[in-house]
Amino acid sequence: MPSGTYAKKRLWRWRSNPLRRRDDIVEAWTVLAVWAVFAVGGSVAGLVTARAADEAFAAQRAERQPVRAVVLNDVPVNAPAIGGAYGRRMTTVRWAASDGSTRTGRTQVDTGLKAGSRVTVWQDGHGRLTAAPLSSTEAAIESDFLGAAAAAGLAGPVFGAGAVIRWRLDRRRVDEWGKEWDQVGPRWGHKTS
């Protein structure tokens, strides 16, 4: 099928046509509006979410600082795993906070460490232990994923609303066809039995 014929078939609701109904025009505008809202709204939602996530990850990288800590207990190799982290176990460590005070807390470290071993841990701006911040590359990937998820999250309600409108238009068309058939059917004069 030549591309011009295909385009004409796809855009028949927009052309002047004696068989075109008001519902056809409403459906055409609905489809156009759904795609426009998805394209523009999805892009905006994705960009805003990705930018906000990237700024949050950058703030985490700026706030969190690595510090040297001392392991207070032996960490056996066969200790039970915490949170599914293979080769890492929870133990108590001691470190000096940025204000100079000595603090103790629990964090994950590699297995097989002996008491007195030195490890690097991460602390937040208040001197509490926290997870290491995402690297720039990891943060970019995570931001992009969150932006795509936001765009996809907008797609559901937008396309759902469009589907509901089109379903209601179809129901109305079926009801109108039924009424027209009730008027025309008896005039045919013969019935099959």
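The values are calculated or read from the model by the stated rules, or taken from the named source; none is laboratory data. Keep in mind the model is a prediction, meaning the values are calculated, not measured. Cβ coordinates were reconstructed from backbone atoms using ideal geometry, including for glycine residues, and neighbour counts include every protein chain displayed. Heavy atoms of the whole protein, side chains included, go into the accessibility calculation; ligands, DNA and RNA do not. Shrake-Rupley method; radii C 1.70, N 1.55, O 1.52, S 1.80 Å.
Observations, loosely collected:
- Distance (nanometres) between label positions extended 7 Å along Cα→Cβ at residue 172 and residue 29: 1.1
- Rounded, prolate or oblate (a/c below 1.5 giving rounded, otherwise prolate when a/b exceeds b/c) for the stretch 108-193 by Cα gyration tensor: prolate
- The stretch 82-147 shape via C-alpha gyration tensor axes, a/c threshold 1.5: oblate
- Report summary: the helix-based calculation at 222 nm, which adds -39500 (n - 2.57) for every DSSP H run with n ≥ 4 and divides by the residues of the chain, gives -18500 deg cm²/dmol.
- Residues in the stretch 85-159 average 58 Å² of solvent-accessible surface per residue, probe 1.4 Å, ligands and nucleic acids excluded.
- Correct option for volume of the Cα convex hull per residue in Å³ [calculated from the coordinates] among (i) 153; (ii) 116; (iii) 272: (iii)
- Across the options 29, 120, 105, the greatest Cα extent toward the positive end of the charge dipole of the chain (unit charges at beta carbon of Lys, Arg, Asp, Glu) belongs to 29.
- Against the main long axis of the alpha-carbon atoms of the chain, helix 136-184 sits at an angle near 20°.
- Apolar share of the accessible surface for the chain: 59 percent from carbon plus sulfur atoms, 1.4 Å probe.
- Extension gain for the segment residue 98 to residue 22, taken as residue separation times 0.36 nm less the Cα-Cα distance, is 20.3 nm to one decimal.
- Counted residue by residue at 0.36 nm each, then reduced by the alpha carbon distance between them, the extension gain from residue 161 to residue 118 reaches 9.7 nm.
- Segment residue 137-residue 56, length gained on full extension (0.36 nm per residue, minus Cα span): 27.7 nm
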